[in-house]
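Enquirer: Dumping the structure here so I can ask a few things about it.
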Amino acid sequence: MADMVSSQPTIPAGVVKPVIPKSKAALPPEPATIAVDGKACSDIITLYEDAVAITLQFLRGHRGRSEPPISGIAQIVEQIIESVTSSGDLCLKAIQHTAEFDDSDHYLACHQVNVALLTMRAGMGMKMPGDKLYELTLGAMVHDIGMTQLPEGLITRQGKLDQSGYAQIKQHPAYGKQLLTSYTGAYPFLETIAYQEHERLDGSGYPM
Ligand SMILES: [Fe+2]
């Protein structure tokens, strides 16, 4: 994926370098515009859409009470980490690709992929070792799986939830833990991530 490495744009000979007004000179530089043309971008968008499709399949399997294999998600997480390691912020551009959601599971799939990408970037910023970065990203890709056990209307509902709706939502980490127990053999960390995803640093949050 060496062709996906972004590089700083160079100013061609003969082009006048823009003058930065004095008032802006002291400000930190604005983020460089990410080049999104060409094969590199289409590869990343395809990877993003594949990740959403595989996650959606996994979510729908659980909503249908089956136990779908997690190997597809595990493989795409490896590809994402490899891609982002070599292409810098291009993956963040992929997140800007907006989608219209077919249903609550499609929304959840996009949400989980986006959270996984941002979580992975945070882990990379913390200089996490590769194995921990993989666990973190994979966990993020399935962290809301417990939502599949709730009524679809509750997830897509607009506006503030009433007390009863909120009480149901607060159950999703526990449901997630139950569902991910099936994968404990290969991925013992998943159920903990799903169960503790809404726990705050001081131990508050839910369902604790
Ligand atoms: Fe959640």
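Enquirer: What length, rounded to one decimal in nm, is gained on full extension from Leu201 through to Met124, with 0.36 nm per residue of separation minus their alpha-carbon distance?
Expert: 25.7 nm
Enquirer: Using packing as a proxy for protection, rank 48-54, 144-150 so that the peptide with the highest average count of other Cβ atoms within 10 Å comes first.
Expert: 144-150, 48-54
Enquirer: Would you list His111, His143 from fewest to most Cβ contacts within 10 Å?
Expert: Ranked by crowding around the Cβ, least crowded first: His111, His143.
Enquirer: Subtract the Cα-Cα distance of Phe101 and Gln168 from 0.36 nm times their separation in residues, and report this length gain in nm to one decimal.
Expert: 21.9 nm
Enquirer: Stretched out fully, how many nm does the piece from Ser71 to Glu49 gain, at 0.36 nm a residue minus the Cα gap?
Expert: 6.2 nm
Enquirer: Could you list which residues have their amide H under 5 Å from that of Glu199, counting only those 5 or more apart in sequence or on another chain, with H placed in the peptide plane?
Expert: Result for Glu199 returns Tyr206.
Enquirer: Taking Cα pairs under 8 Å and at least six residues apart, what relative contact order does the stretch 37-196 come out at, in percent?
Expert: 23
Bear in mind these aren't lab numbers, they're just calculated from the coordinates by the rules spelled out. These numbers were taken from a predicted model, which means no experiment stands behind them. Neighbour counts run over all protein chains shown; Cβ positions are idealised from the backbone, glycine included.
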